[in-house]
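Chemist: My structure is below; once you've seen it, I'll send some questions.
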Ligand code: ADP
Ligand code: GLC
C-alpha cells in the first residue's frame with residue numbers, strides 16, 4: 001500500500017535546485033510520482049550556495065558528528081513533496097558541487113545530516129532511499145551507527161546506482177575521522193583497492209539495491225561494465241533490481257513545451273519544421289529544410305563516446321548531414337568536435353556550455369539524436385528525443401537497449417537505430433541507415449510517430465520502487 005509509506009529520499013542533486021546530470025531529473029520526477037501514488041516523500045538535498053531557497057521555514061539545527069553545525073530549511077513543492085535543505089555553508093557554499101579534496105567529509109555530512117534530521121525529530125521513515133556514491137554512507141551509517149538508536153534502529157534502506165563508474169573512493173583514514181569503525185575498511189565492507197568506496201558501502205549495506213535499467217542491472221554484474229565492483233554487485237544479485245527511469249512529460253513534451261518556438265504533436269507535426277529553423281538559427285546555421293540535423297546534448301566524457309564521433313570526422317564530413325552539439329566536459333573531446341565545426345562551419349556547430357533552453361530546442365528542432373555511449377545506465381535524453389519525434393541513433397548498451405527498438409523498414413516497426421561497436425565504423429553504419437530511412441518521407445514519419453507514441457511515464461517505475469521499498473522493509 002503506497003499510501004502508508006514514508007520515503008526519505010537523500011540525494012546530491014535535484015531539479016530545479018542543482019543539476020549536473022540525469023540524477024537531478026530523477027530526483028525531482030520520482031518523488032513527485034511517488035507522491036501521486038500516495039506516498040509521503042521527504043527529499044534531503046544539500047543547500048549549495050547557488051540555490052535560492054523557495055518559500056519555507058528553518059526547522060532548527062543539529063551538531064553533526066564529523067561536520068559541525070548543520071541547519072535544516074524545509075520547503076514543500078507544488079507536487080506535495082517535502083524538501084529538506086541541509087545547510088552547512090563551509091561545505092556547500094562553493095562554486096561547483098563535486099571535485100573537492102574534502103568530498104568524503106562533505107558527502108558523509110549529507111548522509112549523516114539526513115539521518116539526524118529524522119532522529120532528532122523522533123521521526124522514523126519507512127525507508128531511506130539513497131543515490132550514487134555521494135549518499136552511499138546512508139545504509140552504512142544506519143547499520144554501523146544507528147543499529148541501537150530508539151528511532152532509527154532497523155530502518156530499511158534502498159540504494160540506487162545511477163552510474164557504477166563513479167565510486168567515491170577515498171583513503172581508509174576517512175573512517176576514523178567520521179567515527180566509523182576501522183573494520184569497515186575490510187573487503188567485505190567498504191574496502192576497495194587499498195582504500196574505501198562509498199558506492200561499495202551503499203551496495204553492501206542497503207537492504208535492496210536498484211539500478212536504472214534492467215539491462216544495466218545485468219551488465220554491472222559482468223567485467224565490461226562493472227568497473228571493479230562486479231563481484232560486489234553479483235554477491236547481492238538476489239537483491240538487485242533494474243528499474244527503468246521515466247520521463248517527466250510535464251517538462252518534456254512538444255505539445256506543451258514553453259521553450260520551443262512552435263508546439264506540435266503526433267497528429268500535427270508541422271510545428272517541428274519551425275522548431276528546426278529556430279534551432280539552426282540558434283546555432284548560426286543556414287536554414288535549408290531538407291538536410292537532416294543530428295542533435296547532441298550531453299556531458300562530453302569518455303562514457304558518452306563523443307571521442308568516437310570526433311574520430312570519425314572524415315566520414316562525417318562526407319555525409320549529407322548537419323550536426324549541432326551542446327555539451328560540457330573533456331577538453332580533448334571538445335577540441336575534436338570543434339574541429340568539425342571549424343572545417344565545415346555551415347554544417348557543424350558546437351556550444352560548450354550548459355543551457356536548459358537550448359537543450360529543449362535541440363530536442364524539438366533536430367531530426368535525429370545521437371548517443372554513442374560506451375556505457376549508459378539508463379539515459380534520459382533518448383527517451384526525451386522519442387517524445388519529440390527526434391529519432392535516436394544509439395549504441396546498444398544499458399538503458400539504450402531497453403528504450404530504443406531498431407527500425408525495420410519492412411514491417412514499419414521500431415523507434416530508432418542502434419549499433420554495437422563503439423567505433424567509427426559502427427557509428428557511421430548506423431548513421432547511414434538513418435540517412436537512408438530519412439530519404440523515405442512516409443517511412444520516416446511513421447518512425448517518428450512510433451517513437452512519439454512510446455510511454456515512459458514515471459508512474460509504472462514508481463510502482464516498481466514501491467515494491468522494492470516493501471521488499472527492503474521485509475528484510476530488516
Ligand atoms: P547523464 O546523467 O549520464 O548525464 P542522462 O541522459 O541521464 O545522462 O541525463 C542528462 C541530463 O542532463 C538531461 O536532462 C540533459 O538534457 C541534461 N544535459 C546534459 N548536458 C547538458 C547541457 N550542456 N545543457 C543542458 N542540459 C544538459
Ligand atoms: C547517470 C547515468 C544515466 C542515467 C542517470 C539517471 O547519470 O549516466 O544513464 O540516466 O544517471 O539515472
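Chemist: Looking at the square roots a ≥ b ≥ c of the eigenvalues of the Cα gyration tensor of segment 149-233, which shape do they give, rounded for a/c under 1.5, prolate if a/b is larger than b/c, or oblate?
Modeler: Working: a/c = 2.52, a/b = 1.29, b/c = 1.96.
Oblate.
Chemist: Hey, another quick one. In terms of the Cα gyration tensor, with a ≥ b ≥ c the square roots of its eigenvalues, is segment 230-362 rounded because a/c is under 1.5, prolate because a/b exceeds b/c, or oblate? Display every interim value, and only then the final one.
Modeler: On the way: a/c = 2.35, a/b = 1.23, b/c = 1.90.
Note, shape of segment 230-362 comes out oblate.
Chemist: Between the helical axis of 270-282 and the dominant principal axis of the chain, each derived from Cα atoms, what acute angle in degrees is found, rounded to the nearest 10?
Modeler: Taking Cα atoms only, the helix is inclined about 80 degrees.
Chemist: At R0 = 56 Å, how high is the FRET efficiency between residue 102 and residue 319 if r is their beta carbon distance? Nearest 0.05 is fine.
Modeler: About 0.75, to the nearest 0.05.
Chemist: If you don't mind, another one. Would you mind pulling out the separation of the Cα centroids of segment 121-143 and segment 349-422, in Å?
Modeler: First find each Cα centre; the distance between them is then 34 Å.
Chemist: Order these peptides, 207-216, 443-452, 266-275, by their mean beta-carbon neighbour count within 10 angstrom, highest first.
Modeler: The densest-packed peptide leads the list: 207-216, 443-452, 266-275.
Chemist: Rule-of-thumb check for segment 356-438: C-alpha Rg over 2.2 N^0.38 Å?
Modeler: Against the compact-globule rule of thumb, the ratio is 1.02.
Chemist: Would you kindly give the portion of the calculated P(r) for segment 270-452 that falls above 26 Å, as a percent of all Cα pairs? Could you put the intermediate results ahead of the total?
Modeler: Values: 3337 of 16653 pairs.
Tail fraction, whole percent: 20.
Chemist: Using the 10 angstrom Cβ neighbour count as an exposure proxy, how do 290, 103, 93, 25 rank, fewest first?
Modeler: So the residues, fewest neighbours to most, are 290, 93, 103, 25.
Chemist: Arranged from highest to lowest average of other beta-carbon atoms within 10 Å per residue, in what order do the peptides 41-54, 190-203 appear?
Modeler: Averaged packing, sorted descending, gives the order 190-203, 41-54.
Chemist: Going by alpha carbons, how many degrees (0 to 90, nearest 10) lie between the helix axis of 356-365 and the longest principal axis of the chain?
Modeler: So the helix axis and the longest Cα principal axis differ by about 40 degrees.
Chemist: In whole Å, what is the distance between the alpha-carbon centres of segment 26-105 and segment 157-198?
Modeler: 23 Å
Chemist: Helix 22-36 versus the longest principal axis of the chain: what angle, 0 to 90°, nearest 10, using Cα atoms?
Modeler: With rounding to tens, the tilt is 70 degrees.
Chemist: Rg/Rh for the chain to two decimals, with Rh computed the Kirkwood way over all alpha-carbon pairs.
Modeler: My calculation puts Rg/Rh at 0.98.
Chemist: Only helical DSSP H runs with n ≥ 4 go in: add -39500 (n - 2.57) per run for the chain, normalise by residue count and round the 222 nm mean residue ellipticity to 500 deg cm²/dmol.
Modeler: -11000 deg cm²/dmol
Chemist: With r as the distance between the Cβ atoms of residue 425 and residue 78 and R0 = 35 Å, compute the FRET efficiency 1/(1 + (r/R0)^6) and round to 0.05. Kindly include the intermediate steps, with their values, before the conclusion.
Modeler: Values: r = 49 Å, r/R0 = 1.39.
Efficiency, rounded to the nearest 0.05: 0.10.
Read-outs throughout are calculated quantities, based only on the coordinates presented, and are distinct from any laboratory measurement. Since this is a predicted model, take the numbers as computed values, not measurements. Backbone-built Cβ (ideal geometry, glycine too); neighbour counts: all protein chains shown.
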